[in-house]
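Scroll down for the structure; my scribbles are underneath it.
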Number of protein chains: 2
Amino acid sequence: MRIGELSNRSGVPVPTIKFYVREGLLPAGKLTSPNQASYDSGHERRLRLIRALLDVGGLSLAAIGDVLRAVEDPAQPVHKVLGVAAKRLTPPQRDEPGPESEDAREEVAALLKRRGWRAEAHGPAGESLAEVIVALRRAGHGGFVELLDDYAAAAEPVARADLDYVGRRVAREDLVESVVVGTVLGEAMFGALRRLAQADASARMYDGDGAGPGGDGAEPRGAEG
Amino acid sequence: MRIGELSNRSGVPVPTIKFYVREGLLPAGKLTSPNQASYDSGHERRLRLIRALLDVGGLSLAAIGDVLRAVEDPAQPVHKVLGVAAKRLTPPQRDEPGPESEDAREEVAALLKRRGWRAEAHGPAGESLAEVIVALRRAGHGGFVELLDDYAAAAEPVARADLDYVGRRVAREDLVESVVVGTVLGEAMFGALRRLAQADASARMYDGDGAGPGGDGAEPRGAEG
DNA sequence: CGCTATCCGATAGCGGAACTATCTATGATG
DNA sequence: CATCATAGATAGTTCCGCTATCGGATAGCG
């Protein structure tokens, strides 16, 4: 297919497709003549993946580029690709280290030990956890950190489900892509579910189980949607 | 204190503080003379909150402004503030609705029913869940949607923990702020934990159960290709 | 009283991200 | 043959989150 059709199918404007090619996010079409290139379903799929990671996953184009290149590189072990995805999922920190960071890092390490997790406390995920802890404390909500273990307990079955989904893949590239999609879009999915579950818990708490003081009283209907 | 000290304490440059004031994120200092204003610990706290939501939570300044104004408005019921936070947590969608969105929305409604959640299927959280589902399908990973129930099950205890934390607050503004912080920073916290748990699960799966170091960071000895 | 550091408030500029517009040359298509 | 889409290149645009600079006023010190 030509670029116009690719644009129609994917909903991405032609100039944007060209831009993505320039940025190395999308392989160029196969030139059939000096001013004509043909694109296939692989391009379409890639384009949809880019948009998903961009719009829903919230990754930057630079991050997407890194991830996609890692996915395509057969020399990259799976967990390294995941590492790239994880690193680029969170914006770069801008704090200087400081002693509070040290404390937070130790807490992360202690948590890993407590739960017997085989993960590097100083990898990207551990670092971003430490950053969150620091940020919570600095914002005056250090108490929230007490929920760490509850959160960690909930994260285990989620991670198992992720890996289970991934485990059904056969081809390496499929597998790696699944990991990335699962990590990035799964985060968005869980976030939305969590907010729904919060709404439910909040409705029960503030409306009571059928009526109640409600705290504020501007609730037209407590349930359903 | 004067602006210089506020800057030193919070680590935010003076021009940036002024900028935040201009943007309505931070109340202006109390003028003691035409060119002198004094700031208090409330300003400092607010500043730390802004930075936490910005750096770790990934909210935009505009979103933070909306949230903070909602927090400060005593007329806003708690769940509305949460709604603002939830809405601004996810970037605005840019898809036209289409039939796939309709399917996804129905799936969300069905999920809520299945789990007996009292939440609005068409509120911001429900909408973003539907968007994630659409994005997964469009990216060719519709299978991931099968994990919805596993994810939802894990989200329940997390939401309970959140509400439990929030429930310990007394003053309304404290309470609302806790909800926001919990929602926004909690998401980052869970995301990091999930990636750690994935690293653990992945290490067990790919390295075998007693082999070497797992994790997603730098692998000293090449585990594979 | 003078001196300098700081401050307020306002305006303008900057750098990065993600496009978007325009242009030329060339070949595809009816 | 005329029109149209395309490749490839360069330049421009919009938004965001600051950052720099400036004019005037004041603080506080000797």
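In table form, for the structure just shown:
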| read-out | value |
| --- | --- |
| Between B and A, accessible area buried - total, square angstrom, nearest 100, 1.4 angstrom probe | 9200 Å² |
| Highest-MSF residue in chain A out of A:Arg138, A:Arg69, A:Arg51 [GNM, Cα springs under 10 Å] | A:Arg138 |
| Cβ-vector label at 7 Å, A:Glu173, separations to other copies in nm | 5.6 |
| Spatially proximal lysines relative to B:Lys18 (Cα-Cα < 21 Å; intrachain offsets below 8 disregarded) | B:Lys30 |
| Where only alpha carbons of chain A are counted, the Rg and the Dmax (Å) | 22.0, 73 |
| Other copies of B:Pro15: label-to-label distances in nm, shortest first, labels 7 Å along the beta-carbon direction | 3.1 |
| Nearest-ten-degree value, helix B:78-89 long axis tilted from longest Cα axis of chain B | 70 degrees |
| Peptides ranked, highest mean first, by Cβ atoms within 10 Å: ranges B:191-200, B:3-12, B:54-63 | B:191-200, B:54-63, B:3-12 |
| Coarse-grained scattering of the protein assembly as shown at q = 0.08 Å⁻¹, given as base-10 log I(q)/I(0) from a Debye sum over alpha-carbon atoms | -0.49 |
| Alpha carbon Rg of the stretch B:1-56, scaled by the compact-globule rule 2.2 N^0.38 Å | 1.04 |
| Inter-probe distance in nm under a simple model that places probes 7 Å from Cα toward Cβ, at B:Arg169 and B:Lys80 | 1.7 nm |
| For the stretch B:67-140, alpha-carbon Rg relative to the globular expectation (2.2 N^0.38 Å, N residues) | 1.25 |
| Per-copy distances of the B:Gly98 label point, shortest first, in nm (7 angstrom along Cα→Cβ) | 4.4 |
| Peptide A:39-50 - average C-beta neighbours from other chains (10 Å radius) | 2 |
| Segment A:Asp40-A:Asn8, length gained on full extension (0.36 nm per residue, minus Cα span) | 10.2 nm |
| Residue-averaged [θ]222 nm for the protein assembly as shown, counting only DSSP H segments that reach four residues, each worth -39500 (n - 2.57) | -20500 deg cm²/dmol |
| Taking the convex hull of Cα positions in the stretch B:77-206, its mean projected area over all directions (nm²) | 9.3 nm² |
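The values are calculated or read from the model by the stated rules, or taken from the named source; none is laboratory data. Everything quoted here is computed from the prediction, not taken from an experiment. Quick reminder, even Gly has a Cβ in these numbers, built from the backbone with ideal geometry, and neighbours come from all protein chains shown. The protein model used for the area step is the full one, side chains on, heavy atoms only, and it has no ligands, DNA or RNA in it. Shrake-Rupley method; radii C 1.70, N 1.55, O 1.52, S 1.80 Å.
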